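Asker: First, the structure itself, so that you have it in front of you.
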Amino acid sequence: MTTAPAIGQALHRVDGRPKVTGSAHYSAEIPIPDMAYAYVVGSRIAAGRVIAVDASAAQAEDGVLAVLTHQNLPKIASQPPLVPSLAGTAAPGQTFFPMQDDIVHYAGQQVAIVVADTYERAQHAAHLLRISYEETPSVTTLEQGRDHAYVPDTIFGGFLPGRVERGDIEAGLAEADVRVEGTFTYAANNHNPIEPSSTTAQWEGDELVLHDATQGVNATQITVARLLGIPLSNIRVISHYVGGSFGSKAMIHNHSALAAMAAREVGRPVKLVLTREQMFTSVGHREEQEQHITLGATRDGRLTGIRHHKLSPTSHFDHWAEPSIGVSQEIYACPNYEGVYRLFRANTMTPTFMRAPGEASGMFALECAMDELAHELGLDPIELRLRNYADASPVSGNPWSSNGLRECYQRGAARFGWQDRDPRPGIRREGNWLIGTGMAGAGYPVTPPANPQRARARVYADGTAVVQAATPEFGTGVATVMAQVAADALGMPVDRCRFENGDTDLPNIAAAVGSAGAGMISAAVHSAATALRNQLIARAVADGASPLHGADPVDVVARDGVMTAGTASDSYADLLQRNFQPDAEASGSWSPPTGDVPYGMMTFGAQFAEVAVDPELGLVRVRRMTGAFAPGLVLNPKTARSQLMGGMLWGLGQALLEANHMQPRTGRWANSSLGEYLVAVNADAPDVDVEFVEVEDSVVNPLGVKGVGEIGQVGSSAAIANAVHHATGRRIRKMPITVEDLL
Ligand code: MOS
């Protein structure tokens, strides 16, 4: 009996049972004796100074161990690394650390920490602090900041230019027969993973152990080492289960180091958990933004120019904009392009990655504008996109490492039933509801990390195996799919392979960001497991007692834990037991392509949505969604489909629900709870249909995995907005589309 390859099987999540039965322990659930609890206090003003902190009442409470403010918090050893790149991650963060002086840059900025022997006592004492402020006027909204905008040299931590041009945009737009121009607004979004961010810090002498909810344990290690000025070798970071992240745990925000500082101050382990409200001001957010798109095209629908400008607030310390022009410069064959970021300094923390950071917002604007252009030209929206199909990367001119966008349009359209669509808006009605359909294209860059990715594999003498890598499991299914990758490379049944992860003591893996996790980790795991299989085969053919003795290693195949050449066979377990070996182990690594890769690397997809709109009540209901995606090798169709569905539904949330607004007078968020900040729930979720378009890719990584973490969200909101237009004849160039927009 031989088993089928594990890769490609729709296996259940290995962490499903522990999660639903409660045996999976998250970072804030690690029992440590003598634990103390930290409660963070955020500034209630958005700009100004802390004049005084009266902590006498707080300090008089039973169980209070410390009150830390700018007056007594130790100074950091060095500034937070904008790019914590010491082989851990290449993700740009923010350079501000709180309580180093009395200045307040934004509402919610940490101004005090109370540590007590119980959480309740810390929380109670925190509310007894009397903090006096000197308040100065704040700038938090587009209206307040737009006259002070500048074009930064670089954004995104210095990774991307503030302005991108090709061809001659003025000439391109001048030669157009038809132009479409519009301003698209996108409300600020906040991450709301079920698990809030948390850090538990425990010192043993000079050595620090952190249990941190993070997308990258090595990123936490590097960041905290630098802030505290301690050697990397003295910090171990553990993060087994993370309850969702979506970019909020990609950067290492300041609470992680604050927990370590507090623990050192009180001489006890300290647990620091952000409240739901603090999640809105402590881990970054997707910035409010206004995008201006101009498209020029010939009468037969060929794009002659794309201009994409974006205005958004950044913090007082970093030039951050999510890269909303990233995909608009690359998805269509258009000779003339101009993309510009304009930023203004605002009283906000530095925004950060949020799922499909820039792609979700940018493709909302571009794909709605493309729909307007199709309408102007009297062309089917898919036909317009096919007439501008990019057979090679329009940015570099290089061929795509793999593509599949044409098949995504075609197969998505077929599944959705796009063919019989009457393009006229506002003519389909069912009772009180106007019905419409819309589509959008999707693209997401494939961005391998800069540093080598490592893993280790071990086969035990009982015929079981473990593969190890530092990466946390933050809900993506990585523990499940990496066991599948290891099983095939080792030639073992998947139920005898376990993935062990989430610890800096394990081989280094970069922070899993930018949909790169599955590609980079599978490459490292494949490398380690292949090395171990080859090692075991070499041992068998060299072992005089093995039936395989003397065989040519290239003739030996491994399957189900048994090595076979012709009629001779030997199992891993027999080989190890016979030789008194408790186990065998090998390491592997994968070095991502560096420098100028002569390929364009993008993941493509197409999104379709049907909506019903009640024009009297202003209600929009999404009735069904179809997404077709070409993410390269699909390691596990079940977990991959879940990721893509989640992305599509988040697009629904962005289209219709998710918004935060700064109150211009106070400089504070209007919404800071899940009662006020609306996210899509099951009752909002329609039938979601996901189609995989198979493409092989031999460039991006050894297995050709392009990733599914974010592409599902790109274009989803545009498809819904375009469907609203088809239903009603009204263009709402705004995310989210709310009741008042449709009345
Ligand atoms: Mo993801 S938003 O790149 O952490």
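Asker: Residue pairs, Cβ under 6 Å, 6 or more apart or interchain, first in segment 573-584 and closer than 15 Å to residue 458 by Cα, second open to solvent by less than 20 Å² (accessible area, probe 1.4 Å) and part of a helix (DSSP H, G or I). List them.
Answerer: Here the result reads 575/540; 584/536, each pair linking segment 573-584 to a residue that is open to solvent by less than 20 Å² (accessible area, probe 1.4 Å) and part of a helix (DSSP H, G or I).
Asker: Which residue, of 523, 531, 538, is assigned to a helix (DSSP H, G or I), open to solvent by less than 10 Å² (accessible area, probe 1.4 Å) and away from the ligand (no atom under 16 Å from the Cβ)?
Answerer: 523
Asker: Please list, ordered by first then second residue, the pairs with beta carbon atoms under 7 Å, 6 or more apart or interchain, first in segment 535-556 and at positive phi, second surrounded by 15 or more Cβ atoms within 10 Å (Cβ to Cβ).
Answerer: Hits for this filter: 550/541.
Asker: If you don't mind, another one. Would you say residue 543 is open to solvent by less than 30 Å² (accessible area, probe 1.4 Å) and modelled with pLDDT of 95 or more?
Answerer: On the way: open to solvent by less than 30 Å² (accessible area, probe 1.4 Å): yes; modelled with pLDDT of 95 or more: yes.
In short, yes.
Asker: Mind checking which residues of segment 302-348 are within 16 Å of the ligand (Cβ to nearest atom) and among the aliphatic types (A, V, I, L, M)? Walk me through it before giving the result.
Answerer: Taking segment 302-348 and keeping what is within 16 Å of the ligand (Cβ to nearest atom), we get 320-324, 326-327.
321, 327, listed by residue number.
Asker: Further, regarding this structure: Only residues that are in contact with a helix residue (DSSP H, G or I) (Cβ under 9 Å, 6 or more places away or on another chain) and under 22 Å from residue 732 (Cα atoms): list them for segment 298-333, please.
Answerer: 306, 307, 308, 310, 311, 312, 324, 325, 327, 328
Asker: While we're looking at this one, here's another question. Which one is surrounded by the fewest Cβ atoms within 10 Å (Cβ to Cβ), of the residues in segment 727-736 that are of a type outside the set (A, V, I, L, M, F, W, C) and closer than 15 Å to residue 654 by Cα?
Answerer: Restricting to residues being of a type outside the set (A, V, I, L, M, F, W, C) and closer than 15 Å to residue 654 by Cα, the top hit is 734.
Asker: Oh, and also: Would you call residue 362 within 16 Å of the ligand (Cβ to nearest atom), in the same structural domain as residue 152 (by TED's automatic domain parsing), of a type outside the set (A, V, I, L, M, F, W, C) and touching a residue at least 40 places away in the same chain (Cβ under 8 Å)?
Answerer: So residue 362 fits the description; yes.
Asker: Go through the residues of segment 656-663 one by one and say whether even a single one is under 30 Å from residue 523 (Cα atoms) and of a type in the set (Gly, Ala, Ser).
Answerer: Checking segment 656-663: not a single residue is under 30 Å from residue 523 (Cα atoms) and of a type in the set (Gly, Ala, Ser).
Asker: So, in segment 641-661, exactly how many residues are open to solvent by 10 Å² or more (accessible area, probe 1.4 Å) and touching a strand residue (DSSP E or B) at 6+ places or on another chain (Cβ under 8 Å)?
Answerer: 6
Asker: Tally up the residues in segment 16-57 that are assigned to a loop (DSSP other than H, G, I, E, B), in contact with a Phe, Trp or Tyr (Cβ under 7 Å, 6 or more places away or on another chain) and closer than 28 Å to residue 501 by Cα, please.
Answerer: Qualifying residue count, segment 16-57: 2.
Asker: Let me ask another. Taking segment 357-393, which residues are under 19 Å from residue 419 (Cβ atoms), among the charged types (D, E, K, R) and not in a helix (DSSP H, G or I)?
Answerer: 380
Asker: Tally up the residues in segment 489-520 that are modelled with pLDDT of 95 or more and either of a type in the set (S, T, N, Q) or more than 16 Å from the ligand (Cβ to nearest atom) (or both), please.
Answerer: Residues flagged as modelled with pLDDT of 95 or more and either of a type in the set (S, T, N, Q) or more than 16 Å from the ligand (Cβ to nearest atom) (or both) within segment 489-520 amount to 19.
Asker: Which residues, taken from segment 224-249, are closer than 21 Å to residue 499 by Cβ and open to solvent by less than 50 Å² (accessible area, probe 1.4 Å)?
Answerer: If the condition is that a residue be closer than 21 Å to residue 499 by Cβ and open to solvent by less than 50 Å² (accessible area, probe 1.4 Å), then 237, 238, 239, 242, 243, 244, 245, 249 are the ones that fit.
Asker: Let me ask something else. So, in segment 60-101, of the ones that are among the small types (Gly, Ala, Ser) and at pLDDT 95 or above, which residue ends up farthest from the ligand (Cβ to nearest atom)?
Answerer: Filtering first and then ranking leaves 60.
Asker: Return yes when residue 436 is in contact with a Cys (Cβ under 9 Å, 6 or more places away or on another chain), more than 16 Å from the ligand (Cβ to nearest atom) and not in a helix (DSSP H, G or I) and no when it is not.
Answerer: no
Asker: Just give me the residues in segment 1-58 being open to solvent by 20 Å² or more (accessible area, probe 1.4 Å) and among the polar types (S, T, N, Q), in sequence order.
Answerer: Answer for segment 1-58, where residues must be open to solvent by 20 Å² or more (accessible area, probe 1.4 Å) and among the polar types (S, T, N, Q): 2, 3, 9, 21, 23, 56.
Asker: Quick one: which residue in 714, 724, 739, 693 is farther than 19 Å from residue 592 by Cβ, open to solvent by 30 Å² or more (accessible area, probe 1.4 Å) and among the hydrophobic types (A, V, I, L, M, F, W, C)?
Answerer: 739
Let's see how each residue does on (1) within 32 Å of the chain's Cα centre (by Cα); (2) more than 30 Å from residue 484 (Cα to Cα):
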{"position": "17", "(1), (2)": "yes, no"}
{"position": "32", "(1), (2)": "yes, yes"}
{"position": "38", "(1), (2)": "yes, yes"}
{"position": "53", "(1), (2)": "no, yes"}
{"position": "64", "(1), (2)": "no, yes"}
{"position": "74", "(1), (2)": "no, yes"}
{"position": "80", "(1), (2)": "yes, yes"}
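Asker: Now a separate question. Among the residues in segment 178-199, are any outside any strand (DSSP E or B) and of a type in the set (Phe, Trp, Tyr)?
Answerer: no
Asker: Here is a further query. Look through segment 327-337, keep the residues that are outside any strand (DSSP E or B) and either out of contact with any Asp or Glu (no Cβ under 6 Å at 6 or more places or on another chain) or among the hydrophobic types (A, V, I, L, M, F, W, C) (or both), and return whichever of them is surrounded by the fewest Cβ atoms within 10 Å (Cβ to Cβ).
Answerer: 333
The values are calculated or read from the model by the stated rules, or taken from the named source; none is laboratory data. Fair warning: this is a prediction, and the values are worked out from it, not measured in the lab. Note that each Cβ is placed from the backbone with ideal geometry, even for glycine, and that neighbours are counted across all protein chains shown. For accessibility, only protein heavy atoms count, side chains too; no ligands or nucleic acids. Shrake-Rupley method; radii C 1.70, N 1.55, O 1.52, S 1.80 Å.
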